[in-house]
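Student: Here you go, one structure.
The values are calculated or read from the model by the stated rules, or taken from the named source; none is laboratory data. Just so you know, these numbers come straight off a predicted model, no measurement behind them. No Cβ is skipped: glycine too gets one built from the backbone with ideal geometry, and neighbour counts run over all protein chains shown. Please note that ligands, DNA and RNA were not included when accessible areas were found on the heavy atoms of the full protein model with its side chains. Shrake-Rupley method; radii C 1.70, N 1.55, O 1.52, S 1.80 Å.
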Amino acid sequence: MSSVSFDFNALAPEIEVRVEALLAQMTLEEKVGQLFQANLRWRDDLDDWIRQGHVGSLLSLNGAEQINHFQRLAVEESRLGIPLIIGFDVIHGFRTIFPIPVAEACTWDPALVEQAARVAAAEACVEGIDWIFAPMVDIARDPRWGRIAEGAGEDVFLGSAMAQARVRGFQSANLPGGRRIVACPKHYAAYGAAEAGKDYNTVDVSERSLRDTYLQPFKAAFDAGAATVMSAFNEIAGVPASAKD
């Protein structure tokens with residue numbers, strides 16, 4: 001089974017025109033709403049928030065029936081009818097379960113890993129998922145860090161090859177029904193260097209290590225066409241990867 005990557009920039013001029021026309025119709029509240037992510041645990045009146053255009057994406061929904069319910073609200077009952085972006089963690093398969101990513105990396109076979117990612121994307125898109133929170137491309141060299149299972153291990157070359165393979169597989173152009181999914185390499189950046197292997201802990205690395213080790217798999221993922229990226233949860237030398245005011 002071959003996998004053909006989709007160039008998300010190919011339709012950029014046409015999409016740009018449509019986006020600008022839509023933005024011209026939107027209120028400030030609706031624009032902010034498109035930036036807002038929610039899940040089912042967020043609040044009881046989620047349906048109303050979607051109808052009002054105050055939610056742009058939903059995370060971790062369970063099944064096509066649930067996804068279709070919220071998409072109908074967004075498309076048929078909101079003022080502008082903008083579909084929701086549905087995001088989900090697809091780490092090592094969706095309905096078909098594959099070995100964990102660090103085990104897949106042990107194959108040293110990017111073509112095989114790409115095929116597995118394509119299968120996962122095909123199954124996810126049938127359920128209505130648009131956005132896969134993977135691959136995790138953090139270089140991890142401390143075995144105490146449990147999330148090492150989600151990545152390709154400690155080698156930069158191998159990690160970069162696997163990052164590209166998974167991005168190509170997830171963003172395949174020939175998914176069922178002509179649908180497409182975007183990949184989301186994570187966690188930008190250096191999350192795999194968390195001190196003492198503790199999740200969410202601080203990171204303190206030199207610029208050389210950052211550029212030569214931890215950023216390389218991200219560059220590889222972007223070179224393969226990754227359409228989004230997830231920020232890290234850590235700080236680097238006291239500077240947080242992300243923050244809110």
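Student: At 7 Å along the Cα-to-beta-carbon direction for both residue 19 and residue 76, put a label point, then send me their distance in nm to one decimal.
Tutor: 2.9 nm
Student: With a cut-off of at most 10 other beta carbons within 10 Å, and DSSP calling the residue loop, which chymotrypsin sites (Phe, Trp or Tyr not before Pro) in region 185-245 qualify? Please list them.
Tutor: 200
Student: Skip the ligands, DNA and RNA, and give the accessible area per residue of the chain with a 1.4 Å probe, whole Å².
Tutor: Result: 53 Å² per residue.
Student: Right, another one. Rounded to the nearest 0.05, what FRET efficiency do residue 52 and residue 108 give with R0 = 41 Å and r taken as the Cβ-Cβ distance? Could you check?
Tutor: Efficiency computed from Cβ-Cβ geometry: 0.20.
Student: Now a separate question. For region 34-102, which whole-number percentage of the solvent-accessible area (1.4 Å probe, protein heavy atoms only) is attributable to carbon and sulfur atoms?
Tutor: Roughly 50 percent, rounded to a whole number.
Student: Using only the heavy atoms of the protein chains and a 1.4 Å probe, how would 129, 85 rank by accessible area, largest first?
Tutor: 85, 129
Student: Give me the mean projected area, in nm² to one decimal, of the convex hull enclosing the Cα positions of region 122-179.
Tutor: 4.3 nm²
Student: Hey, another quick one. Any aspartates and glutamates with Cα under 12 Å of the residue 198 Cα? List them, leaving off those in the same chain fewer than 8 positions away.
Tutor: Leaving aside aspartates and glutamates fewer than 8 places away in the same chain, those within reach of residue 198 are 142.
Student: Can I ask one more? Within region 31-116, which chymotrypsin sites (Phe, Trp or Tyr not before Pro) sit in a loop by DSSP and count at most 15 neighbouring Cβ atoms inside 10 Å?
Tutor: Passing both the DSSP loop test and the Cβ count: 36, 42, 108.
Student: Follow-up. Could you rank 96, 228 by how accessible they are, 1.4 Å probe, largest area first?
Tutor: So, going from the largest accessible area down, we get 96, 228.
Student: Note the full-extension length gain between residue 29 and residue 68 as 0.36 nm times their separation in residues minus their Cα-Cα distance, in nm to one decimal.
Tutor: My answer for the length gained is 11.6 nm.
Student: At most 16 other Cβ atoms within 10 Å and a DSSP loop assignment: could you name the trypsin sites (Lys or Arg not before Pro) in region 196-243 that fit?
Tutor: 198
Student: Percent of accessible area on region 107-203 owned by carbon and sulfur, 1.4 Å probe?
Tutor: Exposed carbon and sulfur together represent 55 percent of the surface.
Student: Mind checking which lysines have their Cα closer than 27 Å to the Cα of residue 31? Skip sequence neighbours fewer than 8 apart in that chain.
Tutor: Cross-link targets: 186, 244.
Student: Quick one: what are the phi-derived ³J(HN,Hα) couplings along region 153-166, Karplus 6.51/-1.76/1.60 with θ = phi - 60°, whole Hz, x for glycine and proline?
Tutor: x, 10, 8, 5, 4, 5, x, 5, 5, 5, 4, 5, 4, 5
Student: With both bridge residues required to lie in region 1-142, what share of the DSSP beta bridges run antiparallel, to the nearest 5%?
Tutor: 10 percent
Student: Right, here's the next one. Name the residue, out of 125, 184, 106, whose mean-square fluctuation peaks in a Gaussian network model built on the chain with Cα pairs under 10 Å.
Tutor: Sorting by GNM fluctuation, first place goes to 106.
Student: Shape verdict for the chain, please, from the Cα gyration tensor: rounded (a/c under 1.5), prolate (a/b greater than b/c) or oblate.
Tutor: Judged from the Cα gyration tensor, the chain comes out prolate (a/c at least 1.5, a/b above b/c).
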